[in-house]
Every structure is written in C-alpha cells, then in structure tokens.
Amino acid sequence: MPKRVIATDRLMQPIAHFSHAARIGNAIHVGATAGTDAARHLAGSRKGGIDIAAQTRRMFDNAETVLGLLGARLEDTVRIKTYIADMRDLAAYRELYGARFAACRPSHAVVGSWGFPLPQAAIELDLVAFVDTPRERPESDRLPAAAPACAQAGVRLGARHYCTALPLDRSGKVARGNPAVQSELALANLSLMLGAAGLRAADVVNVHVTLSHAGHFAAFETAYRGLFKAPFPSRTIVIAPLESEAMLVQIEATAFEGGGQPVLGRGGPPGIGAASPACLAEEECYVSGHTGAGEGADGDSGVEAQTHAAWDGITALLEAAGMHPASVLRTNNVLTDWRGYRGFNAGYGASVSEPYPPRATVLGGLLDARACVQIEAVAHRSGGDAEVVTAPGKATS
C-alpha cells in the first residue's frame, strides 16, 4: 500500500525535497532537525547574533514533536547525531543535551559542519528511535567512562546494535598521537563495544567514519583492515571537524547479529578502500556513500550531474537488493560547497518522489577530489509503506 502521509503545520516548511521523518514498524528515522519554527525563523535570532542555547532547545522540541506525531517519545531515541557549525558551542550543547537525554542514553555522535542550508542555523540533528522495543546498554570496564547521557558501549535492540567509537584512552582523554595511533585506538574501542554487546566485527553492516583531515585516510585504512575483513560492511567517509582539535577520527557503526550480505550492484565499491557498495541486513539495506564522480558523470561535471549519477548508482544497488527508490527511509548528504546547493536539489528532486525521504545535508570534505556531493542511504524492504511526516509548502531550491 502507499505511504501514509502525516501533514503538520508545527514543523519547518520545506526549503528542499525532504520530509521530516519516516516510520516503518517500530523504527523511526528523523531527518535534519533545526531550531526553527514552522516559518523557518530561528529561535533566539536577533540582528547580528545567534543564540545557540535557544536553537538547541527548539531543535530538541522539534524532534519531540515529530516523534510524537509518529507515536513515539524523545526517550525512545537510540541513536542521535548532532552537527555543530562552531565547536566553541559544544559545551552549551552538551549541557542541554544531558538534561533532555539522561533518561534514554542513546548512542551519540557530534561532528562539525561549516554551516547549514538555512542561513544562521548553528546546529542540527538527525536521530533514530524505536517504539515499544526493549533495549540494552552494555558496559565494559575496559572502555572509557561514558559521557553524560550517552551509552558507553552503544545500544542493543534485539539483533541490532548502534555505537560510536572515539580515540579515547581509559581515562576518557583523547589519545596523544598520530592518525595511526588514534585510528587503532578508536577501532580497538569499537571492538570492545561490540564484544560487550555480544557481537563481533563480522556483525557490523555499516560504518560511518569522520576524519578531521583527508590526509589521515591512509593510516586509518591500514588500521581498519586489521579489524575488518572481506566481505566488508558498507562504509561512508566524510572529512569534518570533530569535538576537539586533538581528535582525528570518529567511527559510528551499525551491527546485526549474524552480519549482513554485501550487495554488489554494478560491481566494485563506490569509493575508496575497503567497503561493500551496500549491505543487506534483515529487511534493511545500508548503501555506502556515493559521490557520482566516476559513476556515469564526468569527473569535472557539476553537482547536479553528479547527484543524478549518485542516485543512479544507489538505485542500481537497491534493485539488486530487491528494493526501489521508494524503499529509502533516509539519506545523509555532504556537499563540498554551498554554492552547489541549487544544483544538488535539482538532481536530488528529480531522483525521488513525494513524499520525499527525510534527509540531512551538511558541508564537508570528501576523499575523491573530483567529487562535489556524496549521498548515503538506508532503505527497508517495506519502506514504500512507511508513515511519513511532512510540513505544508513547496520545496524550493
């Protein structure tokens, strides 16, 4: 049956081709959520000033609103990722985050973005929540203590596990050392998190890596191949600021007991290194970040052509997994230059149909110097039947 649309006037009117959230079964994927009212006015805004605390509070309120429309609460959150334009605002964010998420302690990741599509937005988040689903928060005395309101070794829900691994020593400090040292420590912590949840590296189906500099990739890849063996999980790599200048790598992982099945589509991995183009786990398909460069688009082509090419690659993988574009529950997108936002939306809008999947779009760096856009996706075999929260208004570019 077709997707059920829940229209609301309580959330931001769209500025592009996205819905706010999608629910399939007990799982809810919430796309980029900012601290705005329905008319796109940022909380606490004043001429020449940005109020990070006001935006953060409104952002959490908006997340609570969209979850409520889908029968969930903020306490049902199991994974949250926050994007901050200025890491000097991190302390203020963490205080407010702790007050709102102490009860549920999700897997938590924080990265930087050099701004957002909405001018003067200082912070955004996306999240995953599960309704009426028992969860465990495994712990280990071999891991650093958990940050306030965060899961120490991730969150496990049945066969599924979410976690975020950082290059922290047992005292909770960022390890002093080069990219190789930090990569090895972050991966060692990931292995310990999986072990605490009764899982192994072979159970990981998707990895999202943030590096503070593209030059760290070679060292990370060497360490990565020490933990993961073929067939590799799907993987996305983004270059972006991390929580501190000293931190060089962050790893977010999704695992399923028993692992997943690689999806090859047209052939080899879409990017650089040890990744399957996509990975099928139970009813879900995790698609690695596609840049579009070298996938039917000339390496020197613009963002619109690369967006089309990236979606062509994603569609081919979904078809190989027995799915279609309407199966997509959410996408996470990276642009290397905000001046390409109009072209990105033109290519994106031509590749999806209403009701659009939720998405997050941020500014970051990519490993492929030819690439100006990267798209990763999560799909579900029954995604075409999802409940989707949308706001009134017409998407613009």
Worksheet item: Right, A230: buried (at least 19 other Cβ atoms within 10 Å of the Cβ), touching a Pro at 6+ places or on another chain (Cβ under 9 Å) and touching a residue at least 12 places away in the same chain (Cβ under 8 Å) or not?
Response: no
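Return the only residue of N206, N178 being under 10 Å from A253 (Cβ atoms), open to solvent by 10 Å² or more (accessible area, probe 1.4 Å) and of a type outside the set (A, V, I, L, M). Spell out the reasoning first.
Details: N178 fails: under 10 Å from A253 (Cβ atoms).
Among N206, N178, only N206 is under 10 Å from A253 (Cβ atoms), open to solvent by 10 Å² or more (accessible area, probe 1.4 Å) and of a type outside the set (A, V, I, L, M).
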Item to complete: Answer yes or no: is there a residue in the stretch 74-96 that is of a type in the set (K, R), farther than 24 Å from V249 by Cα and either open to solvent by less than 20 Å² (accessible area, probe 1.4 Å) or free of Cβ contacts under 8 Å to residues at least 60 places away in the same chain (or both).
Response: no
Practice prompt. Just name the residue that is surrounded by the most Cβ atoms within 10 Å (Cβ to Cβ) out of those in the stretch 274-290 that are among the hydroxyl-bearing types (S, T, Y) and over 14 Å from V209 (Cα atoms).
Written response: S276
Worksheet item: Out of (1) under 30 Å from I50 (Cβ atoms); (2) without any contact (Cβ under 8 Å) to a residue 24 or more places away in the chain, the odd one out for D141 is which?
Response: (1)
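What residue, among those in the stretch 310-349 that are assigned to a loop (DSSP other than H, G, I, E, B) and either touching a Lys or Arg at 6+ places or on another chain (Cβ under 7 Å) or under 22 Å from H29 (Cα atoms) (or both), is most open to solvent (accessible area, probe 1.4 Å)? Spell out the reasoning first.
The initial filter retains those residues of the stretch 310-349 that are assigned to a loop (DSSP other than H, G, I, E, B), namely 321-324, 336-337.
Checking which are either touching a Lys or Arg at 6+ places or on another chain (Cβ under 7 Å) or under 22 Å from H29 (Cα atoms) (or both) leaves us with 321-324.
Working: A321: 10, G322: 55, M323: 10, H324: 89 Å².
Result: H324.
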Worksheet item: If the Cβ limit is 9 Å and pairs must be 6+ apart or interchain, which residue in the stretch 357-372 that is more than 20 Å from A122 (Cα to Cα) pairs with which residue that is among the aromatic types (F, W, Y) and open to solvent by less than 20 Å² (accessible area, probe 1.4 Å)?
Response: C372/F344
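The values are calculated or read from the model by the stated rules, or taken from the named source; none is laboratory data. Predicted model, so just to flag it, every value in this text is computed and none were measured. Positions of Cβ are generated from backbone atoms using ideal geometry, with glycine treated the same way; all protein chains shown enter the neighbour counts. These area figures cover heavy atoms from the full protein model, side chains too; ligands, DNA and RNA do not enter into them. Shrake-Rupley method; radii C 1.70, N 1.55, O 1.52, S 1.80 Å.
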